[in-house]
Structure formats: C-alpha cells, structure tokens
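No lab work stands behind these numbers, since they all come straight from the coordinates. What you see is a predicted model; the values in this text were computed from it and never measured. Cβ sites come from the backbone with ideal geometry, for glycine too, and all protein chains shown count toward neighbours.
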Amino acid sequence: MRILIDTNILVMSAVFSSSYILKVLDVIIKKHTIVLSTYIVDELKRVVLVKFPDKNDAIQDFLLRLPYELVKTSDTIDVSIYPYIRDIKDLPVLVSAIDYDVDVLLTGDKDFSQINIKRPEVLTPKEFLAKYG
C-alpha cells in the first residue's frame, strides 16, 4: 500500500521520537510505501524551524534517512472539486492524497476524520496498527 503521512505524525516521530509512532513507521517501511507531498515536507520544515529550531538538523537527517516517494502538491487547488475540510490549511494534504491515489492517509488531525470519502482510507496511527500492523 501507498501511505501518505501527515505532518503531525512526522513531527511526533522526528522531533519527539515517539516509540509508538516509530513502531508505526517501522511497519510501514517494512511492508508499504511512504508517500510525502511537497506541501507536507515544506510544512514539516516550517513547523520545526518555528517551534523546535534546535531540531532543524535532526529533521534534515530524518528526511534523508526516511525512504519515501515524493509527490508534488498542486500550486492551485479548486476547492469546489474536493471534499470539504474545516481547516483550509489541511486541504493541500487531502488533495495530494486524492490526486496521487494513495491507499491510506495517516494522520492524528481530527479534521480529517470528519471527511466522508472512500479513498484514501483515513486512519490514526492506532487505527493503522490495529488494522495493518
């Protein structure tokens, strides 16, 4: 399966070294393909630079070591053709997941759980491990 991982999950693994999230990543790396969008990578770098500037080098190293497929997030998004999401800043993540036809969108963001779509399957790390781990 191809799994798009949202920024919040990447922050938990790279900045906080959450053992639970690292376990999820390990399962994904061994059995599936990680997909990251240019928007997610840029957002990750921005968040770390602003909130955790002392971790900037660690993020760069994390991204170099993490095996992933990089997809380009569209520069222009027609909001009328995608499902509604409460936080408009999350729309590029959803658009990338839909446009690149990933199987799973892995996120801890509750706004994504409110979206009614068949594909991709939106899962939290806990749900992912219970179903695919």
- With the Cα gyration tensor of the stretch 53-133 giving a ≥ b ≥ c as the square roots of its eigenvalues, does the rule (a/c under 1.5 for rounded; else a/b larger than b/c for prolate; else oblate) give rounded, prolate or oblate? oblate
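Take every DSSP beta bridge with both residues inside the chain and express the antiparallel ones as a percent of the total, to the nearest 5. Kindly include the intermediate steps, with their values, before the conclusion.
Details: 0 of 12 bridges.
Looking only at bridges with both residues in the chain, the antiparallel portion is about 0 percent.
How much net charge surrounds THR7 when only the other residues with a Cβ under 13 Å from the Cβ of THR7 are counted, with Lys and Arg +1 and Asp and Glu -1? Mind dumping the intermediate values first?
Numbers: positive: LYS45, ARG46, LYS51, LYS89; negative: ASP6, ASP42, GLU43, ASP87, ASP90, ASP109, ASP111.
Value of the local net charge: -3.
By the scheme Lys and Arg +1, Asp and Glu -1, what is the net charge of all other residues having a beta-carbon under 9 Å from that of ASP90? Walk me through the numbers on the way to the answer.
Details: positive: ARG86, LYS89; negative: ASP6, ASP87, ASP109, ASP111.
With Lys, Arg at +1 and Asp, Glu at -1, the neighbours total -2.
I'd like to compare 11-17, 100-106: which one has the highest average count of other Cβ atoms within 10 Å, and what's the full order after that?
The peptides rank, most packed first, as 100-106, 11-17.
Around LEU44, under 12 Å between beta carbons, what's the net of Lys plus Arg minus Asp minus Glu among the other residues?
Value of the local net charge: +1.
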- Task: State the number of lysine pairs found in the chain whose Cα atoms come within less than 23 Å, restricting to pairs 8 or more positions apart or on distinct chains.
- Result: 26
- Classify the stretch 1-127 as rounded, prolate or oblate, taking a ≥ b ≥ c as the square roots of the eigenvalues of its Cα gyration tensor: rounded when a/c is under 1.5, otherwise prolate if a/b is larger than b/c and oblate if not. prolate
